[in-house]
1. Could you sort 152-161, 133-142 so that the peptide with the highest average Cβ count within 10 Å comes first and the rest follow in order?
2. Using amide H atoms built 1.01 Å from N in the peptide plane, name the residues 5+ places from Thr25, or on other chains, whose amide H lies under 5 Å from its own.
3. What list do you get for Val28, Val199 if you sort them by fewest beta carbons within 10 Å?
4. In whole angstrom, how far apart do the alpha carbon centroids of segment 251-318 and segment 57-112 sit?
5. Per residue of segment 136-145, in order, report the coupling 6.51 cos²θ - 1.76 cosθ + 1.60 (Karplus, θ = phi - 60°) as ³J(HN,Hα) in whole Hz, putting x for Gly and Pro.
6. Which residue, Thr90, Thr145, Thr120, tops the fluctuation ranking in a GNM of the chain built on C-alpha contacts under 10 Å?
7. Let me have the 222 nm mean residue ellipticity of the chain computed from DSSP H runs of 4+ only, each contributing -39500 (n - 2.57), with the sum over all residues rounded to the nearest 500.
8. Provide the three semi-axes, in whole Å and in decreasing order, of the ellipsoid equivalent to the chain as defined by the square roots of 5 times the Cα gyration tensor eigenvalues.
Amino acid sequence: MSIISTDLSKAVELLNNEELVAIPTETVYGLAGNIFSEKAVKAIFETKERPFFNPLIVHIPNIDYLKTIVEAIPEKAKLLAEAFWPGPITLVLKKKSIIPDLITGGKDTVAVRIPNHPTTLELLNQLDFPLAAPSANPFNRISPTKAEHVESYFKDKIKMVLDGGACKSGIESTIIGFEDGEPIIYRLGSTSIEAIEAVVGTIEIKNKKEVAPDAPGMLERHYAPKTKTILTSHLKEAIEANKNLRIGLLTYNDILTDDAIHFKIVLSEGKNLEEAASKLYDALHQLDQQDLDLIIAERLPNYGLGKSINDRLQRATK
Ligand code: TXA
Ligand code: MG
């Protein structure tokens, strides 16, 4: 029997009973549990086979709730929260002691956001606690953007996927930390750097080596298909060099055909980066199911969400 359901009251009941429910957000599906339940939070790590040092994002219902869980809100964090919440930005702030160490991997900061999905906002409003929710995929696998993706990963491990349709943004939230009140991007994501800079001015991106221990979303190998994947700006040459293999192609808008290509997905024929982001993970899920020897992915333009998509594709090649 399918574990996918739209029954909100059942989701509320399971979460109140310290069980896990996979929830829809505008970015990817999350594997959610009560942040104050040790049983639920441990189950999140166990279900995902995720190491305990890798901290979780706390999902809250409204901006007001922020002061319950963080010590201080830097001015620029406030500007970002007001500009983008509910939405795909996660802020890393000094935590209050009410936040269990298990959530933060023992750190003194907590990652927090308000997701922009009507079903999940309604769910959060009906609960007396925030939800810890990492992406609902096993550690190092492709994040889920449809209820069916979660079901295929976890049907024997969790009782329910709350169905909210396909995720609109399609890649994870942009994570922003603060050093001396100044914002720093820890993980590229669904909110573009350009949009963030329009609110807080020029912003630094910490390279992954600097933040790797802090933000394992920045781990080199992440978001990965099982099939070997390469990323290139030169599709024709890459196909030519691998003609003896069973090739799958992931392109931005190129409708190129070649006998060597067994399966092909075009992310956005009209060259729209938002559309490409929303389709990215589903495309990787589909490509990974075709028994291919090699996925050749085309590098996207390096601005706006193209930067975030290239970041994910780069990690898929490791
Ligand atoms: O869009 C999203 O952010 C999705 C949806 C479900 O909200 N969630 C998500 O969670 O992507 P997850 O666990 O897959 O990625 C969370 C990232 C991890 O890389 C983690 O290391 C980082 O957030 N993180 C969490 N707390 C942190 C902290 N205190 N300091 C630095 N990084 C932190
Ligand atoms: Mg993840």
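1. Values: 152-161: 17.9, 133-142: 21.9.
The peptides rank, most packed first, as 133-142, 152-161.
2. Those lying under 5 Å, H to H, from Thr25 are Gly30.
3. Working: Val28 29, Val199 16.
The order, fewest Cβ neighbours first, is Val199, Val28.
4. Segment 251-318 and segment 57-112 have Cα centres spaced 33 Å from each other.
5. Per residue, the Karplus-derived 3J(HN,Hα) values read 8, 9, x, 3, 6, 9, 5, 5, x, 10 Hz.
6. Most flexible of the set in this elastic network: Thr120.
7. On the way: 12 runs with 102 residues, N = 318.
For the chain, the value works out to -9000 deg cm²/dmol.
8. Numbers: eigenvalues 211, 108, 55 Å².
Semi-axes, largest first: 32, 23, 17 Å.
No value in this document is a laboratory result; all are computed from the given coordinates. Owing to the predicted nature of the structure, the values given are computational and were not obtained by experimental measurement. Ideal geometry is used to build each Cβ from the backbone, glycine not excepted, and the neighbour counts take in all protein chains shown.
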